[in-house]
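Just passing along the structure, written as structure tokens.
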Amino acid sequence: VVKACSACAVARPEDPVGFVAGWLDQFVANDAILKKRSVELTERAAVEAEEEEARVEAEAAVVSHASRVAKALEHVTTLSGDPDILYKHAASYALKLSSSGGEGMRTYVADLEEPEEDEMADEPESLGEEGEAAPEAEEEEEEDAGIPPPGEPSYDDMFFRYVSVAAAKGDDQDWLVGKKLERGTGVSFALVDASPKAPWIDVPNAMTYRGPPREPKEGEEPADPEAPPEPTRVHFVGGFPRAGAYFAVPIVLATGEVAGMLCADTVKTPQGGNGRAIAEADKDLMRAVAKAAGVAMDSAAAARRERLLAAAEEQAKIAETLAAADAPEEGEEAKEGEEEAAEPEPEEEAPPEPEEGAEPTEEQFVAATEFKMRSAQKLLAAAEKNLARKQKRFDAVKPLIDVVDDDALAELRSLPRAPKATWRVVKAGLWMTGHKKFEFETWALTRKQIVDTYNDSLKALDPMKVEARDPKAWEGVHRCLKGLKDRAVMKESKVGALLFRWIEGFAGVSDAALEVSELKATIEDCENEIEKAQERMAEAAADAEAAAAQEAAAAAAGGGGGDAPA
């Protein structure tokens with residue numbers, strides 16, 4: 001009202017009352033507009049504040065996720081030890097850091113493996129002309145080419161084996177671990193077989209995918225030769241086609257070698273999977289994780305190569321030690337020279353065998369058994385000399401087992417693919433310590449056995465206790481070591497070469513001790529048989545003498561009765 005009167009005094013209208021009334025009406029209208037405007041501005045400010053807060057939170061989430069991804073990738077690059085640990089983390093990070101947080105998706109790691117060598121399999125005998133066994137070729141001395149340079153292998157005989165899996169809670173996929181993906185199956189082999197190699201495999205719908213013509217499996221013949229080639233299809237390990245996307249990226253080393261693959265799918269099953277496409281961000285994440293895994297494997301390979309290069313001098317010293325152990329001691333060389341110069345003793349002729357169909361007499365049996373015993377005694381003398389040489393050689397390398405501790409064995413556990421020669425050495429040790437074949441029939445299973453207890457189990461063995469030897473297990477030991485050379489192991493692993501020296505020496509002593517034990521048992525058996533035969537002969541002689549005495553007595557009694565009267 002005061003403002004209205006003041007305005008009226010300034011304006012001096014002809015109708016002051018009407019002016020004041022109109023001014024007050026306009027004031028009320030303006031006040032409603034201002035209040036409405038104030039409410040609108042307040043609401044807008046609140047919305048803008050919420051939007052700003054959401055934007056800040058989103059930026060923080062992006063920064064946080066990027067930071068988590070960066071930390072995860074950095075962690076993966078440091079896992080240069082056991083490949084199983086690397087595979088487990090790679091699959092887990094690819095799942096948990098995905099855009100969905102792992103819901104509706106699964107991730108897997110599959111490594112590339114070569115066919116396993118079965119040392120217990122029957123070796124086919126090579127036949128010459130007319131079905132006769134072909135003579136064994138003389139082993140040629142291979143030229144030592146040193147440590148082979150790193151390079152890309154041939155993938156022709158390799159297959160994928162799933163080694164790790166990650167999935168959302170309730171979607172149990174552990175059954176897949178250990179399964180093989182054989183050649184001629186699925187689409188994943190384009191990562192190694194295509195020319196050029198496929199940088200990744202992206203299948204939007206696994207159930208309906210039809211790719212380029214499929215390469216037939218080895219030995220497979222088409223049902224209809226005139227029919228068009230069958231297209232490549234996604235292989236469902238579970239056996240039942242389902243809808244969902246599939247993406248795979250190779251784990252590539254610095255040499256270009258493909259060590260395995262990191263893959264994911266959203267195949268919809270009753271347990272999980274949403275059947276949707278895999279987000280591009282998730283594909284980028286998988287590529288980054290696979291690259292980091294390759295860096296970790298490169299670090300492990302570089303460390304192994306450095307150890308191999310540094311081990312040459314150590315192996316040379318071991319070779320000198322073994323050469324010194326093989327050399328005869330003072331006096332032995334002259335004695336051996338005298339033995340060589342002396343005329344060899346003529347070989348004793350075996351006693352004549354009984355006529356065909358006739359039972360040997362006790363004298364013939366004793367003569368044959370004594371001949372067998374004398375032959376065994378000669379062999380025993382040579383076997384005891386051989387045992388002494390083997391023991392001396394083993395004593396020279398016996399301390400090497402103390403070097404093969406858990407830290408050294410980590411070198412073997414870091415190998416993602418089986419080193420053929422070294423694997424045979426490790427399996428020989430596992431056979432010795434009583435492990436069963438199913439425990440190390442793959443390299444992944446063997447790595448789990450190469451722990452600190454492996455060294456302790458070997459040291460606890462005694463090569464002289466031949467009575468505890470399991471014939472089946474020692475057959476495995478001999479088959480693993482057959483034809484194995486130290487230089488072949490040395491090209492693969494430093495600790496493998498040390499282990500080979502020890503196991504070879506142990507096996508040599510144990511085999512020599514077994515030979516001595518068997519010869520002693522043969523001699524003892526012969527002595528027992530001769531003693532029993534002599535007892536039988538003595539009893540027979542006594543019986544014959546008693547019978548002769550009885551006959552003489554009877555004859556004497558019969559002669560006196562003939563002079564008596566009838």
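Based on what the data block shows, is G170 open to solvent by 40 Å² or more (accessible area, probe 1.4 Å) and modelled with pLDDT of 60 or more?
Against the criterion (open to solvent by 40 Å² or more (accessible area, probe 1.4 Å) and modelled with pLDDT of 60 or more), G170 qualifies.
Also, I was wondering about something else. Here are V477, V495, V509, V516: which of them is within 16 Å of K427 (Cα to Cα), β-branched (V, I, T) and in contact (Cβ under 8 Å) with a residue 60 or more places away in the chain?
Just a single option satisfies the conditions, and that option is V495.
Search segment 16-43 for residues that are aliphatic (A, V, I, L, M) and pair each with any residue that is open to solvent by less than 70 Å² (accessible area, probe 1.4 Å) and assigned to a helix (DSSP H, G or I) when their beta-carbon atoms are under 6 Å apart and the residues are at least 6 apart or on different chains.
Hits for this filter: V20/A4; V20/C8; L24/A4.
Since S67 meets every condition but one in (1) free of Cβ contacts under 8 Å to residues at least 24 places away in the same chain; (2) open to solvent by 60 Å² or more (accessible area, probe 1.4 Å); (3) among the polar types (S, T, N, Q); (4) under 30 Å from V295 (Cα atoms), which condition does it not meet?
Checking S67 against (1) free of Cβ contacts under 8 Å to residues at least 24 places away in the same chain; (2) open to solvent by 60 Å² or more (accessible area, probe 1.4 Å); (3) among the polar types (S, T, N, Q); (4) under 30 Å from V295 (Cα atoms), the one that fails is (2).
Next up: Look at A418 and say whether it is assigned to a loop (DSSP other than H, G, I, E, B), within 28 Å of A319 (Cβ to Cβ) and either among the aliphatic types (A, V, I, L, M) or modelled with pLDDT under 90 (or both).
The answer is yes for A418.
Among the candidates V403, V397, which residue alone is crowded, with 16+ Cβ neighbours inside 10 Å, closer than 26 Å to A319 by Cβ, over 14 Å from the mean Cα position of the chain (by Cα) and at pLDDT below 90?
Answer to the check: V397.
Only residues that are in a loop (DSSP other than H, G, I, E, B), at pLDDT 75 or above, over 25 Å from A428 (Cα atoms) and open to solvent by less than 60 Å² (accessible area, probe 1.4 Å): list them for segment 98-141, please.
Scanning segment 98-141 gives S98, S100, G101, G102, G104, M105.
Here is a yes/no grid of residues against (1) under 23 Å from F159 (Cα atoms); (2) of a type in the set (G, A, S); (3) buried (at least 23 other Cβ atoms within 10 Å of the Cβ):
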residue: V249; (1), (2), (3): yes, no, yes
residue: L253; (1), (2), (3): yes, no, no
residue: V258; (1), (2), (3): yes, no, no
residue: K268; (1), (2), (3): no, no, no
residue: G272; (1), (2), (3): no, yes, no
residue: E280; (1), (2), (3): no, no, no
residue: A288; (1), (2), (3): no, yes, no
residue: S299; (1), (2), (3): no, yes, no
residue: A303; (1), (2), (3): no, yes, no
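To continue, here is another question. Which ones in segment 519-537 are under 46 Å from the mean Cα position of the chain (by Cα) and surrounded by fewer than 17 Cβ atoms within 10 Å (Cβ to Cβ)?
K520, A521, E524, D525
Taking the condition in a helix (DSSP H, G or I), in contact with a Ser or Thr (Cβ under 9 Å, 6 or more places away or on another chain) and over 30 Å from L387 (Cβ atoms), does L445 pass?
no
The values are calculated or read from the model by the stated rules, or taken from the named source; none is laboratory data. All values reported here derive from a predicted model rather than from experimental measurement. Glycine gets a Cβ as well: all are built from the backbone with ideal geometry, and neighbour counts include every protein chain shown. Accessible surface areas use protein heavy atoms only, side chains included; no ligands, DNA or RNA. Shrake-Rupley method; radii C 1.70, N 1.55, O 1.52, S 1.80 Å.
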